[in-house]
Amino acid sequence: MPGPRLFSILRQGSCLIASIHTALDDSQLLRFQQDLVETIGRDRARGVVIDVAALDVLDSFATSTLRDIGEMARLRGAATVVVGIQPEVAIAMVRLGLRTGVLETALDLEEGLARVDGRLAGAADGRRDR
């Protein structure tokens, strides 16, 4: 019998919503990364929203992995937004000097989807102007 789902990756239109349901160890984070990057290509996703609302800790490895996912997704043609960083997690990340780099963040899933939609609309406008 399989154990509880650690994460899920669901398609919504041209976007993927990837939710982490519980704290992941390093190998599970790498599996999440691999599954997500493969799904971007398979589903031809143009945007990715990663929901970390269930996490009460984002350590340096998790933060680095999220940054890497954002860069990998960009290289695969998808915009990425991380949503749901809890207040205590944000405070701890700043105090520990953990940075998300160019990875975009948003308060919640609704705002994250709006940002991805906005970035995709802006990219489409740029292509039409040529």
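Any read-out appearing in this document is the output of simple, stated calculations on the displayed coordinates, not a laboratory observation. Small disclaimer: the values here were computed from a predicted structure and weren't measured.
Amide hydrogen proximity for Q12: with H placed 1.01 Å from N in the peptide plane, the residues at 5 or more positions away or on another chain lying under 5 Å are I17.
On a 0 to 90 degree scale, rounded to 10, what angle separates helix 60-75 from the longest Cα axis of the chain? Roughly 20 degrees, rounded to the nearest 10.
Note on the range 7-128: Rg/Rh from Cα positions, Kirkwood definition for Rh, rounded to two decimals, is 0.95. With respect to the chain, whose longest principal axis is taken over its alpha-carbon atoms, helix 26-43 is tilted by about 20°. The relative contact order of the range 7-128 comes to 24 percent, based on Cα pairs under 8 Å that sit 6 or more residues apart. Only DSSP H runs of four or more residues enter the estimate; each adds -39500 (n - 2.57), and after division by the residues of the chain the mean residue ellipticity at 222 nm equals -16000 deg cm²/dmol.
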